[in-house]
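Report on the structure given below.
Rule-based calculations on the coordinates, nothing more; no lab input. It should be emphasised that the depicted structure is a prediction, and the values quoted were computed from it without experimental measurement. Quick reminder, even Gly has a Cβ in these numbers, built from the backbone with ideal geometry, and neighbours come from all protein chains shown.
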Amino acid sequence: MRAELAQMLRSPLRCMDAIVVDGLVKDYGGGRHARRALQGVSLRVAAGGAFGLIGPNGAGKTTLLKAMLGVVRPTAGRIQVLGGSPDDLGVRKRIGYLPERLQLPAAWTALGFLQSVARLKQVPPSAAEQQLERVGLSTERATRIASFSKGMRQRLGLAAALLGAPELLVLDEPTDGIDPKGRADVRAILAQEQARGATLFLNSHLLSETERSCDQVGILVSGRIVRSGAMLELCAKPSRWRVRFEPGTDSARLSRLGFSPTASADCFSCADCDVAQLNERLAQAREQGALVRELSPEMRDLEALLLELMEPGDA
């Protein structure tokens, strides 16, 4: 018990939410021309978790990120980041940020740029070399940024965000312009960051990347969070299950019990049944000699869920 208490005291963020947003409203302009970008947004991101923010263009995602970082000031509502205010410089030092529209000094070399960021963050210059290695740009350390592709610029921006081992990483379109191999590398880096205790907050149009990197997701539509929760909870199809039986099982018998064959060998779908009904059907299948190898809820991808929740006219 003492050891557990000591660990909790050493890791206070594990006992709190890394991000708390309550009733956030943001208006641009005034009078008749006022536009409400955020309409009472509330969400919580657990410390050490990986949260993905998704939504159509113009939903307010970037405005929400900028409000969380203290770049724009909310019209109403409350934001708490890492236990403090986004305006607190002490809080900002604990955040690594990769903006969507990344502006880099073209005349600088990759290493020179990262070393300047390291000085601003008050971390050793050697950290710049280490992060270049992590993002796969060590051979380009002396190359001027002007010659970098979009994907290379994204990697460099990620390296800058990682400097100083931040407690919170806020990444806006982190894999934009990066090839499939590079996206896999970025996912591996983010997994390493989460393993060391960092909280991840990702905004990405690449929904497959959000599915692979995040355990929680929030869906923002027309300035409102319309759904938020665990990935499994949001994407599971109600009362639909996928069952894989041992090869050689009699498909006709399983069909009569309510298991429908799928395109995948030895895999069946069981629809319109609750947990009790599912167990009853499985018991009947086992009585007839079937052996279950795998059972899981049927899932839809984030794209299907987003399209379902979008309002008419959203794009």
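Placing unit charges on each Cβ (+1 for Lys and Arg, -1 for Asp and Glu) gives the chain a dipole about its Cα centre, and among G31, T210, V21 the Cα reaching farthest toward its positive end belongs to G31. Evaluating 6.51 cos²θ - 1.76 cosθ + 1.60 at θ = phi - 60° for every residue in the range 151-164, the Karplus couplings come out as x, 5, 5, 5, 4, 5, x, 5, 4, 5, 5, 7, 4, x Hz, glycine and proline recorded as x.
Computed from point charges on the beta carbon alone (+1 for Lys and Arg, -1 for Asp and Glu), the dipole magnitude for the range 233-303 about its Cα centre is near 180 Debye. Along its first, second and third principal axes, ordered by size, the range 100-248 spans 59, 45, 28 Å in Cα coordinates.
Based on C-alpha pairs under 8 angstrom that are at least 6 apart in sequence, the chain has a relative contact order of 19 percent.
What dipole magnitude, in Debye to the nearest 20, does the chain give about its Cα centre under +1 on Lys/Arg Cβ and -1 on Asp/Glu Cβ?
For the chain, the charge dipole is close to 1000 debye.
Applying D = kT/(6 pi eta Rh) to the range 12-135, where Rh is the Kirkwood radius over alpha-carbon pairs, T corresponds to 4 °C and eta to 1.567 mPa s, the Stokes-Einstein value obtained is 77 µm²/s. Candidates L232, S264, V81 compared by Cα position along the dipole of the chain: farthest toward the positive end lies V81, with charges placed on Cβ. Distant-in-sequence amide contacts of E298, defined by a placed amide H-H separation under 5 Å and a gap of 5 or more residues or a different chain, comprise K237, R240, W241, R242. Packing here is the average count of other Cβ atoms within 10 Å per residue, and on that basis the peptides 33-45, 64-76, 162-174, highest first, run 162-174, 64-76, 33-45. Rounded to the nearest 10 degrees, the angle from helix 180-195 to the longest Cα principal axis of the chain is 80 degrees.
Contact order for the range 233-303, expressed relative to its length and based on alpha carbon pairs under 8 Å spaced 6+ residues apart, stands at 49 percent. Quick one: of K66/K150; K61/K150; K26/K150, which pairs are farther than 25 Å apart, Cα to Cα? Pairs exceeding 25 Å: K26/K150. The Cα center of the range 141-171 and the Cα center of the range 14-56 differ in position by 26 Å. The trypsin sites (Lys or Arg not before Pro) of the range 189-236 that meet both conditions, a loop assignment by DSSP and at most 15 other Cβ atoms within 10 Å of the site Cβ, are R196. For A18, the residues whose amide H sits under 5 Å from its own are V45, A46, A47, ignoring neighbours fewer than 5 places away on the same chain, with H placed 1.01 Å from N. Normalise the Debye intensity by I(0) for the range 233-303, one equal point scatterer per Cα, no solvent, then take log10 at q = 0.22 Å⁻¹ and round to two decimals. Those come out to -0.92, one per q. Rounded to the nearest angstrom and listed largest first, the equivalent-ellipsoid semi-axes of the range 2-230 from its Cα gyration tensor are 28, 22, 17.
The H on the amide N of G77, modeled in the peptide plane, is under 5 Å from the matching H of V25, each at least 5 residues off or on a different chain.
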